[in-house]
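Asks: Before I ask anything, here is the structure I am working with.
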Amino acid sequence: AKQQHEHELALGGMQAGYEAQLGVFRDEIRAIRAEKGETTRRYEDEIARKQEQQRRFDRALREVRDKQRISLRMSQVVTALVVALLVVVISALHMDEERLTH
């Protein structure tokens, strides 16, 4: 009986040791999960920052392209006006020349 009691005490001690070790493992797993969650949040924050930078860059690029388009349109308008003015001036000179020769 004494030997069985010692055996039960030993088993109880072993069980307590295993339960304590299991508790340590569970705590470590919780810590790893928390760290993983924090790392995931940091990555998600970084991704969100990069996406916002990309949106700002895209918006700036659109604005530059719009300005280039407007600038091109303005230069086309100015060119058309200059050509029209030249046509009018040349026509007027040609008419004056015809009047003078007749």
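Asks: If you go through segment 10-23 one residue at a time, do you hit one that is part of a helix (DSSP H, G or I) and either among the basic types (Lys, Arg) or at positive phi (or both)?
Replies: Taking segment 10-23 as the starting set, the residues that turn out to be part of a helix (DSSP H, G or I) are 10-23.
Subsequent filtering for residues that are either among the basic types (Lys, Arg) or at positive phi (or both) retains none.
No; the residues of segment 10-23 include none that is part of a helix (DSSP H, G or I) and either among the basic types (Lys, Arg) or at positive phi (or both).
Asks: Please go through segment 11-36 and pick out each residue that is modelled with pLDDT under 90 and small (Gly, Ala, Ser).
Replies: Gly12, Gly13, Ala16, Gly17
The values are calculated or read from the model by the stated rules, or taken from the named source; none is laboratory data. The structure displayed is predicted, hence computed values, not measured ones.
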